[in-house]
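Student: Attaching a single structure in structure tokens format; questions to follow.
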Amino acid sequence: MAANNRRMSGKKGAQVGSGGKRRRSLEGKGPTPPAEMRKGHAKQRAAAAKVRRTQGRPQQRRAGGKGTSELVVGRNPVFEALRDGVPASTLYVQQFIDSDERVREALQLAAERGGINLMEAPRPELDRMTNGLNHQGLVLQVPPYEYAHPEDLADAAADGGEDPLIVALDGVTDPRNLGAVVRSVSAFGGHGVVVPERRAAGMTAGAWKTSAGAAARTPVARATNLTRALEAYKKAGIVVVGLAADGEVELGELEALGGPVVIVVGSEGKGLSRLVGETCDYRVRIPMPGGAESLNAGVAAGIVLYEAARRRA
């Protein structure tokens with residue numbers, strides 16, 4: 001009778017003849033998904049990073065800060081900025097402007113790109129906005145650039161299963177040099193550029209133009225303190241290589257370029273600052289048989305990036 005009471009109770013338990021299992025427990029869960037679809041797998045992270053790169057700049061994990069808005073003034077500069085893909089939020093057009101070919105082309109480009117507000121303004125207002133510059137009836141507003149954080153660049157490389165290849169600029173104040181470096185980094189498969197927050201070139205309209213569109217694909221990070229940012233890279237296992245005319249190692253002899261590396265380029269006149277130079281693991285010189293004393297930042301970075309890409313191929 002006690003046995004019958006146990007069998008009639010509402011408690012769940014093993015069923016006679018079932019072996020304690022249900023039919024659905026014996027059913028398979030289907031084939032194992034490919035590595036690219038398994039969450040947390042290295043190939044899945046690499047595939048996600050590839051998608052982000054094709055869609056534009058990598059996702060930013062930390063705030064690197066914003067630059068300041070900028071005005072491009074004059075008919076030719078405005079046309080060239082729109083043609084070269086410089087980001088823009090608003091195109092101001094003077095009321096009753098004498099339209100010529102450049103004005104018509106600028107308006108057409110702004111309309112074709114989309115997302116650019118067209119605002120008509122009286123001449124006195126444009127004079128006030130530009131502090132009396134010769135705007136010729138056209139003023140283009142460039143929004144603040146959103147900088148990445150230095151750690152984002154190394155993280156993007158890790159997400160793609162690649163060794164970081166980063167360029168840091170020390171004391172480079174010409175935006176055109178920054179744009180040229182961004183273009184070289186993009187061309188040779190680098191992961192981005194780091195610039196100091198102070199006394200350094202930023203991503204202005206001139207830098208965007210010189211990058212020839214590469215700035216839309218290659219992130220620029222801004223460091224509050226460049227020396228500390230380089231030290232953080234070193235702690236993460238990335239070799240820091242500084243370019244110096246009197247460097248102890250010649251470029252072709254540096255095996256470290258084949259691995260995770262940050263290439264630090266100084267200004268053409270002063271080179272690397274003292275603290276940055278002391279932070280570098282290696283100080284490397286580029287052989288110049290022609291006898292030139294120095295190269296500008298864009299050219300020097302391009303040479304070293306090519307050598308790094310060649311070793312990684």
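The values are calculated or read from the model by the stated rules, or taken from the named source; none is laboratory data. Bear in mind the structure is a predicted one, so any value in this text is a computation, not a measurement. When we count neighbours, we look across all protein chains shown, and the Cβ atoms used for this are built from the backbone with ideal geometry, even at glycine. Side chains included, ligands, DNA and RNA excluded: accessible areas come from the protein's heavy atoms. Shrake-Rupley method; radii C 1.70, N 1.55, O 1.52, S 1.80 Å.
Student: If the requirement is being at pLDDT 95 or above, farther than 28 Å from residue 90 by Cβ and either open to solvent by less than 30 Å² (accessible area, probe 1.4 Å) or assigned to a helix (DSSP H, G or I) (or both), which of these qualifies: 158, 168? If you could, list the steps in order and put the result at the bottom.
Tutor: Details: 158 fails: at pLDDT 95 or above.
None of the other options fit; the residue is 168.
Student: If you don't mind, another one. Got a sec? Which strands (runs of 3 or more DSSP E) wholly within segment 61-147 have at least 1 residues that are hydrophobic (A, V, I, L, M, F, W, C), open to solvent by 80 Å² or more (accessible area, probe 1.4 Å) and touching a Ser or Thr at 6+ places or on another chain (Cβ under 6 Å)?
Tutor: Details: elements: 70-73, 90-94, 117-121, 138-142.
Strands (runs of 3 or more DSSP E) meeting the threshold: 117-121.
Student: Within segment 188-280, considering only strands (runs of 3 or more DSSP E) that don't extend past its boundaries, which have at least 3 residues that are under 30 Å from residue 85 (Cβ atoms)?
Tutor: Counting at least 3 such residues, we get 192-196, 220-223, 261-266.
Student: Select, from 187, 232, 180, 244, the only residue that is of a type in the set (A, V, I, L, M) and within 27 Å of residue 69 (Cβ to Cβ).
Tutor: On the way: 187 fails: within 27 Å of residue 69 (Cβ to Cβ); 232 fails: within 27 Å of residue 69 (Cβ to Cβ); 244 fails: within 27 Å of residue 69 (Cβ to Cβ).
180 is the lone residue from the list that is of a type in the set (A, V, I, L, M) and within 27 Å of residue 69 (Cβ to Cβ).
Student: Of the residues 300, 256, 313, 292, which is closer than 11 Å to residue 240 by Cβ and at pLDDT below 95? Write out each step before concluding.
Tutor: Working: 300 fails: closer than 11 Å to residue 240 by Cβ; 313 fails: closer than 11 Å to residue 240 by Cβ; 292 fails: closer than 11 Å to residue 240 by Cβ.
Testing whether each residue is closer than 11 Å to residue 240 by Cβ and at pLDDT below 95 leaves just 256.
Student: Return yes or no: is residue 237 without any contact (Cβ under 8 Å) to a residue 24 or more places away in the chain and open to solvent by less than 60 Å² (accessible area, probe 1.4 Å)? First the steps, then the outcome.
Tutor: Values: without any contact (Cβ under 8 Å) to a residue 24 or more places away in the chain: yes; open to solvent by less than 60 Å² (accessible area, probe 1.4 Å): yes.
Against the criterion (without any contact (Cβ under 8 Å) to a residue 24 or more places away in the chain and open to solvent by less than 60 Å² (accessible area, probe 1.4 Å)), residue 237 qualifies.
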